[in-house]
């Protein structure tokens, strides 16, 4: 079963919903009425009604049983709001836990955070399903045993002994099933993580020719996941033994003993039918549901809770990307022996990269397609962790903001979009940012800074979305801003205005360059080639690196005459 962390997490979160739990339990007690009286009413209908020659009495007893079913339906409906009162706060608390954990771990993999969020939703659905099912099945099982005791105590040994044997077998199966279920979850996470890394680094994989290695690693992860699922299936099949012992064997035992019980007046005909009602209509379905529910949903919930409890308390291992490190100037970036590969055994995209970006410096990162520029941006922002080496960012309390090529804006007010990363920004500062970045005309067309709205972001061009995202990034209080081709949809003049504004902004600016003009405007250029880097001023780098001269020539040669994008 689940370890202490998972159940401890669940118990802590449910403590705040005690009132809803109590009311849910009360309505569950009302739902127990039909299972409790079913055999008693059937027995009375037969013995006191139909066999006694009074069919009206028999019908009346059956009608009374029908009335209890209506009461049960009302109780089930009345209990649903309290079920929501338990489950929804649980979901909210788990989501908050995941978000806080991700914010506390700047190296958290976005794919991992997405998987954890999916697991939170799984925990909500599983908890709701278990509460809804177990409250019905649990009270049915207890009510059926109480009804049997009241109706025919002579048959209790025939029922309880197989039921206890089924319980012992099931408890014995729980631990291996929980272990195998956890293996399935871990294997699926490893497969998803490997696929996510391969997809994110597809351009680098193609450029380095490591597609076969990455495909091999993905195939191994898929085979591991499939093997874990097969092992779980074999263990789960043994639950049929529990159903046979706890649900079917009591019925067979009572049927075998029925002639003797009737002959010795231990049971009447009506009582025998009442016992059969309890066994066939209440006990057997309850055992089936419990075996399937506890063996499936509850184990899933146990594993998910353990994952949420342990992963969200995780501390970053050595070699990840610490931000706000004491002793490192705010805005300074240090990369020491950084290595990154998209999969085990794959060729490294970055291999032994060393670099230092001074606080407040404007750095342009250049290199051919697939050399690892976007990977470096992800490392600086803490979105991925290096395979080896360290990335240290002196970010103070605000860290790094990464703006990718695909800008994100959302339906809502223009102010909410622009102030998303800086809710405390003043209107004056936001207006200044709009003017500095040349977004005044766009903001006016959208209705103004404080009254404008984005009803359909798809109506904006890619360049307009980039411009709005750039304003949002500019007002963020980040010590380091990384622009990963975030101006590629702007024309050369607009790009120059944006980069000059960001260079004048307090903090360090790292630009993943796609035009030679970006390198010319930077204080320093970092050339990536062969997994390593060479850093110098533009003019010095042309002397130091023939490859950089070739790259500059390629840039200039690919731009039509009069549109070189060079800074004046």
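The values are calculated or read from the model by the stated rules, or taken from the named source; none is laboratory data. If you're wondering where the values come from, they're calculated on a predicted model, not measured in any experiment. Cβ coordinates were reconstructed from backbone atoms using ideal geometry, including for glycine residues, and neighbour counts include every protein chain displayed.
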Tally of residues being crowded, with 17+ Cβ neighbours inside 10 Å and without any contact (Cβ under 8 Å) to a residue 12 or more places away in the chain across region 125-174
0
Under 30 Å from residue 541 (Cα atoms), modelled with pLDDT of 90 or more and out of contact with any helix residue (DSSP H, G or I) (no Cβ under 9 Å at 6 or more places or on another chain): which single residue out of 403, 376 fits that description?
376
What tally of residues in region 488-510 results from selecting those that are out of contact with any strand residue (DSSP E or B) (no Cβ under 8 Å at 6 or more places or on another chain) and more than 18 Å from residue 432 (Cβ to Cβ)?
8
Name every residue in region 514-532 that is in a strand (DSSP E or B) and at pLDDT 90 or above, in order of residue number.
524, 525, 526, 527, 528
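In region 212-239, which residues are under 30 Å from residue 286 (Cβ atoms) and assigned to a helix (DSSP H, G or I)? Don't jump to the end; show me each part of the working.
As a first pass, look at region 212-239 and keep what is under 30 Å from residue 286 (Cβ atoms): 229-239.
If the condition is that a residue be under 30 Å from residue 286 (Cβ atoms) and assigned to a helix (DSSP H, G or I), then 229, 230, 231, 232, 233, 234, 235, 236, 237, 239 are the ones that fit.
To keep it simple, each residue is scored yes or no on (1) out of contact with any strand residue (DSSP E or B) (no Cβ under 8 Å at 6 or more places or on another chain); (2) closer than 30 Å to residue 372 by Cα; (3) assigned to a helix (DSSP H, G or I); (4) at pLDDT 80 or above.
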site: 179; (1), (2), (3), (4): yes, no, yes, no
site: 182; (1), (2), (3), (4): yes, no, yes, no
site: 186; (1), (2), (3), (4): yes, yes, yes, no
site: 194; (1), (2), (3), (4): yes, yes, yes, no
site: 255; (1), (2), (3), (4): yes, no, yes, yes
Inside region 549-566, the number of residues satisfying the requirement of being under 14 Å from residue 514 (Cα atoms) and modelled with pLDDT of 70 or more is 6
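Here is a yes/no grid of residues against (1) within 30 Å of residue 250 (Cα to Cα); (2) in contact with a helix residue (DSSP H, G or I) (Cβ under 6 Å, 6 or more places away or on another chain); (3) assigned to a helix (DSSP H, G or I); (4) at pLDDT 65 or above:
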| site | (1), (2), (3), (4) |
| --- | --- |
| 267 | yes, yes, no, yes |
| 285 | yes, no, yes, yes |
| 291 | yes, yes, yes, yes |
| 305 | no, yes, yes, yes |
| 310 | no, yes, yes, yes |
| 316 | no, no, no, no |
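Being farther than 11 Å from residue 218 by Cα and surrounded by fewer than 18 Cβ atoms within 10 Å (Cβ to Cβ) is the filter here, so list the residues in region 175-198 that pass it.
Across region 175-198, the qualifying residues are 175, 176, 179, 186, 188.
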Pick from 343, 364, 326: which is at pLDDT below 85 and in contact with a helix residue (DSSP H, G or I) (Cβ under 6 Å, 6 or more places away or on another chain)?
343
For residue 77, work out the one condition from (1) surrounded by 15 or more Cβ atoms within 10 Å (Cβ to Cβ); (2) under 26 Å from residue 17 (Cβ atoms); (3) at pLDDT 80 or above it doesn't fulfil.
(1)
Of all residues in region 336-356 being on the phi < 0 side of the Ramachandran plot and in a loop (DSSP other than H, G, I, E, B), the one that is surrounded by the fewest Cβ atoms within 10 Å (Cβ to Cβ)
344
Evaluate the following for residue 359: is it farther than 21 Å from residue 332 by Cβ and surrounded by fewer than 20 Cβ atoms within 10 Å (Cβ to Cβ)?
no
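Run down 541, 509 and say which single residue is more than 25 Å from residue 406 (Cα to Cα) and in contact with a helix residue (DSSP H, G or I) (Cβ under 6 Å, 6 or more places away or on another chain).
On the way: 509 fails: more than 25 Å from residue 406 (Cα to Cα).
Going through 541, 509 in turn, just one is more than 25 Å from residue 406 (Cα to Cα) and in contact with a helix residue (DSSP H, G or I) (Cβ under 6 Å, 6 or more places away or on another chain): 541.
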